[in-house]
Amino acid sequence: MAEAGSRWAFARTTAFRVTLLHLVLTLAGTALVGGVAWWVTAGFAVRQAADEVERGMGVLLQSGALSGARGIALSIEARLAADRSGQEYYLLAAPDGQRLAGNLSGVSAERGWREGTIRQPDGGAAPVLMYAQPLPGGGALIVGRDMTAARALEQRLLTSAFWVGGAVLLLGLGGGLLLGRSVARRAAAMEAALAAVQNGDLDRRLVERTGGDEFDRLAGRINATLDRLQALMAALREVTDDIAHDLRTPLTRLRQRLDEAARASTVEAIAAAQAEADRLLDIFAALLRIAQVESGTQRAGFTTVDLSAIAESVAEVYAPAAEDREQTLATEIAPGVMLTGDPALLTQMLANLVENAVRHGRAGGRICLALTAGELCVTDDGSGIPEAEREKVFQRFHRLDASRSTPGSGLGLALVRAVADLHGMTIALEDAAPGLRVRIALPRT
């Protein structure tokens, strides 16, 4: 039973239902076309026969008005003599019902249209469209036309419609079965791939064919999502390892400080332990900040930001720190550079860049903060970053000082990259010969 249900699962697919709907609409269209064809062919033949009956009735009634019943009889005889096709039928009945003229007999004289079957001399039967008209002095006049050709045409049209409708039905059902099976197979393949990913096989991907249909586009989008998921999982594992590695040292120092404070009970020992605790809290706060930025939730609070004003403010804040190292902090800030974004995050990004330039720049050297309508640059003349390390420094906890002997947590540039990505910016590190140039391309407004 389960195997039979699986075999016919395609019949429950959306594609198959859409195919059935298309089939119904096609059959309705075929019926409409058939109705129009009948109207312009067989229907026209019936209307033409009715017009001939009405014209014949009018001529005969006019003869009766001029010459009475004898004039009608003479006209009927003349018409029958001239009818070589044998498709005209007439009956002039007396008040008592007896036939006075014509080739009809045994038909009702009641006023109105009717269609009957007339027995022909060869033994066959012919359908005849008739109209009966009572006469003023009594009796009745009946005029008819043979409908054999019109009914034969109708039969051919009905037969053609039957075969055409049957062919459309079979082709539609066949196409629906093929399409349903194809869609069911592709959906099953996608489901199997996603199930494998769910079970831990993060390298599994959906098959993308070269056709470029909606399933291929969907597979491409899902694969891109899986790539992103795999990268995030790898980053999560890396961050976990980095946290375990990088926090071991400050936690060890904190434990040592606490031991010293316990033994010495001095204010200096307690203050040192508190400083280590504050440093750990700062690291965790930075990690939380990066996670919030990378989640993209803060886009909801974006407003129009004056980036020029932010750059001026950051330069003013870090000017004293540069002076302490006898550095020159130069600014080349174009006024009125507007951007849609989060002002607090943009301020943090600029602050991290300028702080890194001050810290790692040459003592007594020069730092430049430049801003134009399309680009932001922070340049120093320090030792720079080797080309092989320029992409790695954006990773959490990655530091050029492998021994961790210098201050810092290795999270500053990771936050810069996260903020830049959130705002649609492109960031690149370049050799300033000497020193480092951080170039950020601003998004077009």
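The values are calculated or read from the model by the stated rules, or taken from the named source; none is laboratory data. Here the structure is a predicted model, which is why all the values come from computation and not from measurement. Here the Cβ positions follow ideal geometry from the backbone for every residue, glycine too, while neighbour counts run over all protein chains shown.
Summary of values
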quantity	calculated
Search result, residues across the range 80-100 that are surrounded by fewer than 20 Cβ atoms within 10 Å (Cβ to Cβ) and within 23 Å of GLY137 (Cα to Cα)	ALA94, PRO95, ASP96, GLY97, GLN98, ARG99, LEU100
Among the residues listed as GLY180, GLY176, the single one being in contact with a Leu (Cβ under 9 Å, 6 or more places away or on another chain), surrounded by 15 or more Cβ atoms within 10 Å (Cβ to Cβ), closer than 22 Å to ARG17 by Cα and in the same structural domain as VAL24 (by TED's automatic domain parsing)	GLY176
Test set (1) surrounded by 11 or more Cβ atoms within 10 Å (Cβ to Cβ); (2) farther than 30 Å from ALA234 by Cα; (3) assigned by TED's automatic domain parsing to the domain that holds THR19 - THR159 fails condition number	(1)
Unique residue being exposed (fewer than 11 other Cβ atoms within 10 Å of the Cβ), in the same structural domain as SER85 (by TED's automatic domain parsing) and out of contact with any helix residue (DSSP H, G or I) (no Cβ under 7 Å at 6 or more places or on another chain) when the list is GLY138, GLY166, GLY116, GLY106	GLY106
Those residues of the range 311-363 which are free of Cβ contacts under 8 Å to residues at least 24 places away in the same chain and either more than 19 Å from ALA414 (Cβ to Cβ) or touching a helix residue (DSSP H, G or I) at 6+ places or on another chain (Cβ under 6 Å) (or both), in sequence order	GLU312, GLU316, ALA319, PRO320, GLU323, ASP324
Residue match in the range 376-386 (condition: in the same structural domain as ALA315 (by TED's automatic domain parsing) and part of a helix (DSSP H, G or I))	no
Where ILE118 falls short, out of the listed (1) part of a strand (DSSP E or B); (2) under 25 Å from GLY35 (Cα atoms); (3) not charged (D, E, K, R)	(2)
Candidates ALA49, ALA69, ALA81, ALA65, filtered to the one that is assigned to a helix (DSSP H, G or I), touching a helix residue (DSSP H, G or I) at 6+ places or on another chain (Cβ under 7 Å) and not assigned by TED's automatic domain parsing to the domain that holds ALA167	ALA49
